[in-house]
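Take a look at the structure below.
The values are calculated or read from the model by the stated rules, or taken from the named source; none is laboratory data. What you are looking at is a predicted structure, and each value in this text was computed from that prediction instead of being measured. When we count neighbours, we look across all protein chains shown, and the Cβ atoms used for this are built from the backbone with ideal geometry, even at glycine. Accessible surface areas use protein heavy atoms only, side chains included; no ligands, DNA or RNA. Shrake-Rupley method; radii C 1.70, N 1.55, O 1.52, S 1.80 Å.
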Amino acid sequence: MITALESVEKPETHYCFETLALHAGTTADPVTGAMLTPIYQTTTYRQEAVGKNRGFKYSRSENPTVSALERRLAAIEDAEFATCYSTGLAATSALLLALLKSGDRVVSSQAVYGGTVRLLRQTLAPFGVEAEFVDTADGDALVKALQKRTRLVFIETPANPTLKLTDIELASSLAKQAGALLVVDNTLLTPALQRPLDMRADIVLHSTTKFIEGHNATVGGALITRDANLHEQFLFTRNTIGAIQSPFAAWLTLQGVKTLPLRMARHCKNACRVAQFLESHPRVTRLAYPGLQSFPQFELAQRQQKAGGALIAFEVEGGVGAGVRLMNSVRLCALAENLGAAETIITHPVSMTHGSVPPSQRAAAGITDGLVRLSVGLENPDDIIADLEHALEASAKGGLS
Ligand SMILES: Cc1ncc(COP(=O)(O)O)c(C=O)c1O
């Protein structure tokens, strides 16, 4: 018997977020009673007769462990449908290949993950897909961009790495008026902190590599929607391009999701403490954290996010040289490319995650050469602050550059 929690349909009983994160999409194994959904490490499935199978035929199309994760991710975004992919960018690729054809146009936030920009500019442009990158935080700029016929509006809010916000409700109503679909990359906040589908977005995209799995152990992606027709197109495209997630990565992600509500709450609490410390430090010249009143879009953050999130963007006195010295001087924080892990990660977007974004787009989006991105982890915040304090001191020593 399928219970409400296993069902891909909306649960009849509306469980709370924490309960869904733990239980939705899985039940004890019917053969052994094993609590955890097994890792179905198999390519194929024995069929009872020609044309008679149990819903699984070949693991490039679907796999029971991946399906369990899909049911869980759909449930926590309050949606009916999810498809999981080998990486976040595989999810973006499937999305764009499923919905666009030559001559179609995408309007995207100017500040988005660098790989998304590279995919649109370098891989899809030669196939005749046009992308315009605009400041989607500016309603007038979005209205103007949508005057040309557009198929898809792609926003990332908060944007990686500037943390600039886009008003999701406004973007969805403008997209709808223009006959375009709205996609929200919800990687930086997760459904624990932001629910784009409730704000009338059509599709939510995740790099599950980040907070969803949360332990720096897997790469993965997901597309989530309430629209059966869109879901069918994603399933078809995922199969044709062969971009499904592996069962082991899906299994690890299923375990990670269980603690998502707890982790996000602690990430936010720690990030708020660290942001307050940095903001009051004399060597920090510019700081963006959506949970602080000083954040230029604080009112919008309060309206569409449950909390400020785990990311902080800042610059230090002495420009690029000092920023680089700071990143080279941390001991506890890891200088690395990822974000959203249990461990605190510090990143130099211009030389790392956003290196492939053209300098003119970086400049327009406010991704300056001295920008430092901090993904605050789950360590004791006193230890993170002590590490940053020491690195800020060390960053001053090389003089101004
Ligand atoms: C906001 C955002 N979206 C998508 C991606 C791409 O995800 P992946 O690295 O899993 O391919 C990233 C990666 O950093 C990201 O930060």
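In whole angstrom, how long is each semi-axis of the equivalent ellipsoid of the chain, when you take the square root of 5 times every eigenvalue of its Cα gyration tensor and sort them from largest down? Can you show the working numbers first?
On the way: eigenvalues 254, 130, 71 Å².
Each semi-axis is the square root of five times an eigenvalue, giving 36, 25, 19 Å.
List the residues whose amide H sits under 5 Å from the amide H of residue 164, counting only those 5 or more places along or on another chain, with H placed 1.01 Å from N in the peptide plane.
Long-range HN contacts for residue 164: 159.
Considering only protein heavy atoms, with the full assembly of protein chains and a 1.4 angstrom probe, order 78, 383 by accessible area, largest first.
If we order 78, 383 from most to least accessible, we get 383, 78.
Using a 1.4 angstrom probe on heavy atoms only, work out the carbon and sulfur share of the accessible area of the chain in %.
Result for the chain: 54 percent of the exposed heavy-atom area is carbon or sulfur.
Residue-wise, which Karplus ³J(HN,Hα) couplings in Hz belong to segment 139-150, taking 6.51 cos²θ - 1.76 cosθ + 1.60, θ = phi - 60°, and x for glycine or proline?
After applying 6.51 cos²θ - 1.76 cosθ + 1.60, I find x, 5, 5, 5, 4, 5, 5, 7, 5, 8, 4, 10 Hz.
Against the longest principal axis of the chain, how steep is helix 228-241, in degrees 0 to 90 to the nearest 10, with axes from Cα atoms?
So the inclination is approximately 80 degrees.
Taking H placed 1.01 Å from N in the peptide plane, check which residues at least 5 places from residue 85 or on another chain put their amide H under 5 Å from its amide H.
Sorted by chain and number, the residues that satisfy this are 221, 222, 245.
Using alpha carbons only, how many degrees (0 to 90, rounded to 10) separate the axis of helix 260-280 from the longest principal axis of the chain?
Rounded to the nearest ten degrees, it is 10.
Work out from phi, with θ = phi - 60° and the Karplus expression 6.51 cos²θ - 1.76 cosθ + 1.60, the ³J(HN,Hα) of each residue of segment 211-219, listed in order in whole Hz, and give x for Gly and Pro.
Listing the rounded values in order: 5, 4, 7, x, 10, 6, 10, 9, 10 Hz.
May I ask for the net charge around residue 162, where only other residues with Cβ less than 13 Å from the Cβ of residue 162 are counted and Lys, Arg are +1 while Asp, Glu are -1?
+1
At 1.4 Å probe radius, can you tell me the per residue accessible area of the chain in Å²?
Value for the chain: 42 Å² per residue.
Can you list the trypsin sites (Lys or Arg not before Pro) in segment 41-131 that are in a DSSP coil and have 11 or fewer other beta carbons within 10 angstrom?
Counting only loop positions with at most 11 other Cβ atoms within 10 Å, the trypsin sites (Lys or Arg not before Pro) in segment 41-131 are 46, 54, 101.
Considering only Cα-Cα distances, which of the following residue pairs are longer than 22 Å: 144/306; 144/210; 164/210; 176/210?
Checking Cα-Cα distances, 144/306; 144/210; 176/210 exceed 22 Å.
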